[in-house]
Amino acid sequence: MTTKEYKDRIDAALETYFVSPPESLAGLAESMRYSLLAGGKRIRPTLVLEFCRICGGDIDAALPVACAIEMLHTYSLIHDDLPCMDDDALRRGRPTNHVVYGECTATLAGDALQAEAFGTILRSALPAERKARCAEFLADAVGLDGMCGGQFLDMLGEGKKLSEQELADINSRKTGALLTAACRMGVAAGGGNEAQLEAASLYGAAIGAAFQIRDDMLDVLGNEQELGKPIGSDAQEEKNTYMALYGAEHCSQMIEKLTARAKDVLSGVFDDTAFLSALADSMAVRTN
């Protein structure tokens with residue numbers, strides 16, 4: 001399956017969620033769908049489905065798990081954009097959720113999407129053990145020692161000069177944890193073994209690190225129209241970034257090494273790694 005075919009399947013599935021809320025909650029559901037269906041590359045749900053496939057699993061059965069991680073990711077974007085966080089007015093080329101629906105509704109939309117992500121996994125038709133592992137991996141990725149912890153450390157680090165290790169510690173939680181979870185959830189949904197789970201974890205960590213470095217580069221070198229969000233905000237908010245620490249040339253070298261590592265860890269563990277290798281390559285040079 002191609003990247004576009006995965007994205008089309010995921011987008012079609014996401015369209016089916018939160019379509020018939022009680023009339024009194026229609027405004028909240030609309031806010032949730034506004035951000036959930038705003039587009040994006042759907043990298044995380046694609047990773048779920050592809051790792052499921054190469055573990056011999058049924059991607060149709062895993063589709064709710066893929067949708068769940070996109071709900072969780074969308075929640076994080078809504079909250080990132082809030083005035084108390086990054087205070088951004090543009091996301092994926094459209095006004096951010098709180099600009100359209102107000103800060104309170106946007107906050108609740110994010111909260112609801114986080115809860116619905118776990119409900120979507122647990123209501124799926126996967127075997128109970130696989131559902132439990134998927135939910136556990138997602139919880140590990142977003143809680144105290146995951147994405148939320150990373151955001152907290154990122155906030156504390158604003159205006160301070162952090163070391164490479166401190167920056168890596170933040171980004172492995174803030175960005176890498178959810179990408180790694182997507183890979184691990186795909187293996188779990190597909191009934192993969194422990195060796196496959198370990199390889200998926202290493203792949204996710206490597207592309208997660210490369211993804212964040214590329215994000216830092218695009219915030220300086222990117223095009224706002226193509227990126228779909230403001231550029232230059234990292235420097236304006238005095239955030240610690242790889243670009244500020246190393247500059248563009250060294251960042252490009254780091255991405256190259258991480259991408260090669262991501263592809264290497266799959267070798268000998270999975271029979272078909274062509275899609276995931278191509279995906280790692282494409283993420284390394286993305287422009288949005």
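Remarks
- Rg(Cα)/(2.2 N^0.38 Å) for the stretch 9-88, N = residue count: 1.23
- Partners of LYS160 within straight-line reach, counting aspartates and glutamates whose Cα lies under 16 Å from its Cα and excluding those fewer than 8 residues away in the same chain: ASP169, ASP234, GLU237, GLU238.
- Look at the dipole of the stretch 8-137 built from charges on Cβ: of LEU77, ALA132, GLY119, the Cα furthest out on the positive end belongs to ALA132.
- The calculated Kirkwood hydrodynamic radius for the stretch 98-209 is 15.4 Å, given to one decimal from all distinct C-alpha pairs.
- Summing +1 for each Lys or Arg and -1 for each Asp or Glu among the other residues whose beta-carbon sits under 11 angstrom from that of LYS7 gives 0.
- Filter on LYS41/LYS263; LYS41/LYS161; LYS239/LYS263; LYS4/LYS263 - keep pairs with C-alpha separation over 24 Å: LYS41/LYS161; LYS239/LYS263
- Solvent-accessible area, 1.4 Å probe, carbon plus sulfur percent, for the stretch 115-211: 57
- Other residues whose C-beta falls under 15 angstrom from the C-beta of LEU49 contribute a net charge of +1, scoring Lys and Arg +1 and Asp and Glu -1.
- Tensor-based shape of the stretch 148-200 (alpha-carbon gyration tensor, a/c under 1.5 rounded, otherwise prolate or oblate): prolate
- Accessible surface of TYR101 - all protein chains present, 1.4 Å probe, nearest 10 Å²: 60
- Take every Cα pair under 8 Å whose residues are at least 6 apart in sequence, average their separation, divide by the length of the chain, and the relative contact order is 19 percent.
- The residues of the chain have, on average, 45 Å² of accessible surface per residue, using a 1.4 Å probe with all protein chains present.
- Separation of alpha-carbon centers, the stretch 97-153 and the stretch 43-77, rounded to whole Å: 13
- Largest to smallest accessible area among GLU198, GLU23 [probe 1.4 Å]: GLU23, GLU198
- Computed from the Kirkwood radius of its Cα pairs, the Stokes-Einstein diffusion coefficient for the chain at 4 °C and 1.567 mPa s stands at 68 µm²/s.
- Of the residues SER282, SER35, SER20, the one with the largest accessible area comes first in the ranking SER20, SER282, SER35, computed with a 1.4 Å probe on protein heavy atoms.
- The chain: calculated mean residue ellipticity at 222 nm from DSSP helix runs of at least 4, using -39500 (n - 2.57): -22000 deg cm²/dmol
- Diffusion coefficient of the stretch 65-109 by Stokes-Einstein, Kirkwood radius over Cα pairs, 20 °C, 1.002 mPa s: 203 µm²/s.
The values are calculated or read from the model by the stated rules, or taken from the named source; none is laboratory data. In this text the structure is predicted, and so the values were computed from the model without any measurement. Ideal geometry is used to build each Cβ from the backbone, glycine not excepted, and the neighbour counts take in all protein chains shown. Side chains included, ligands, DNA and RNA excluded: accessible areas come from the protein's heavy atoms. Shrake-Rupley method; radii C 1.70, N 1.55, O 1.52, S 1.80 Å.
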